[in-house]
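Student: The structure that follows is given in the form of structure tokens.
The values are calculated or read from the model by the stated rules, or taken from the named source; none is laboratory data. From a predicted model like this one, the values you see are computed outputs, not experimental measurements. In this analysis, Cβ positions are derived from the backbone assuming ideal geometry, glycine residues included, and neighbour counts consider all displayed protein chains. These accessible areas exclude ligands, DNA and RNA; they are computed on the full protein's heavy atoms, side chains included. Shrake-Rupley method; radii C 1.70, N 1.55, O 1.52, S 1.80 Å.
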Amino acid sequence: MRTSSTTDPPGARPQRTSQLLREFAENLSGERVSLAEIDAGLGDRGLGVLMAIFAVPNIFPSTVPFGNVLTGVPVIVLAVHLMLGWRQLVLPGALARRSIAAQTLKSFAPRLAGMLARIEPLLSPRLAAVSSPAGERIIGAICLFLSILSALPIPFGHMVPALALMVIGLGLIEHDGFAILLGAALGLAGAVVFALVLFGLASGINHLHL
């Protein structure tokens, strides 16, 4: 199987992630593809792509009791990777060998690439300090905090942190420091508002018991 490289020649326009996804799916030759192969194919953009994807379910109210807890756990794992400076997934051997049908990926990848293609014009490499290794470790700590909030079994409390994580993930994909900072600011502002609401509810309940 041949995969596209995420390394571009000096001075060349960076390959868009949507194009990378399409080429990766088109070049699959086997019947199945492992998680390790998917991660290797996405290169250093894989973390951002996966964070954006896994954050999406928690942006909406969960139709399953405590469903946001299950969907929030993968984002916690990804945030830990970012905080530790790991731009590609470090997977246990058994998990890395897990595979899916190549045809499933061939069917799903173009739809995901189409959605990314509509967003990519809004993103561009900027504020390089934010996406530097040191900057990403700080963002990773913020993502860990937000991902824990998004996984808490509190009705509607997971929606704003999840939205912030999706924006950060998109920023990571294209090394867009502005988008990363926007997502972090949105998440922290949402966390402050949520904390004030919880404090108000607790104070109200306390007064009712007095």
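Student: Could you sort the peptides 103-111, 194-202 by per-residue average Cβ neighbour count (10 Å cutoff), highest mean leading?
Tutor: Per-residue mean Cβ counts within 10 Å order the peptides as 103-111, 194-202.
Student: Calculate one ³J(HN,Hα) per residue across the stretch 129-141 by plugging θ = phi - 60° into the Karplus curve 6.51 cos²θ - 1.76 cosθ + 1.60, and present them in order as whole Hz with x for glycine and proline.
Tutor: Calculated HN-Hα couplings, in order: 4, 5, 9, 6, x, 5, x, 5, 5, 5, 4, x, 5 Hz.
Student: Considering only G177, G43, G67, give the residue with the highest GNM mean-square fluctuation for the chain, with springs between Cα atoms whenever their separation is below 10 Å.
Tutor: G67
Student: With angles folded into 0 to 90 degrees, how steeply does helix 46-55 sit against the dominant principal axis of the chain? Use alpha carbons for both and round to 10.
Tutor: Around 40 degrees separate the two axes.
Student: Next question. Putting +1 on Lys and Arg Cβ atoms and -1 on Asp and Glu Cβ atoms, find which of A55, S34, A141 reaches farthest to the positive end of the dipole of the chain.
Tutor: The Cα lying farthest towards the positive end belongs to S34.
Student: What does the stretch 109-210 give for Rg and for Dmax, in Å, if only its C-alpha atoms count?
Tutor: 16.9, 60
Student: Tell me the per residue accessible area of the stretch 60-99 using a 1.4 Å probe; a whole number in Å² is fine.
Tutor: 62
Student: Could you work out how far the C-alpha centroid of the stretch 24-52 sits from that of the stretch 78-151, in angstrom?
Tutor: Computed from Cα coordinates, the inter-centre distance equals 11 Å.
Student: Beta carbons within 10 angstrom, averaged per residue: use that to sort the peptides 126-135, 179-188, 139-148, highest first.
Tutor: In decreasing order of mean packing, 126-135, 179-188, 139-148 become 139-148, 179-188, 126-135.
Student: Once you have the Cα-Cα distance between A141 and R111, take 0.36 nm times their residue separation minus that, and quote the gain in nm to one decimal.
Tutor: 7.7 nm
Student: I'd like to know which of L112, F178, V167 lies farthest towards the positive end of the charge dipole of the chain, counting +1 on Cβ of Lys and Arg and -1 on Cβ of Asp and Glu.
Tutor: Final value for the positive-end residue is L112.
Student: Run the accessible area of the chain with a 1.4 Å probe and give the carbon-and-sulfur part as a rounded percent.
Tutor: Ligands and nucleic acids excluded, carbon and sulfur reach 72 percent.
Student: Measure nothing fancy, just the Cα-based angle from helix 159-173's long axis to the longest principal axis of the chain, in degrees from 0 to 90, nearest 10.
Tutor: Once rounded, one gets 30 degrees.
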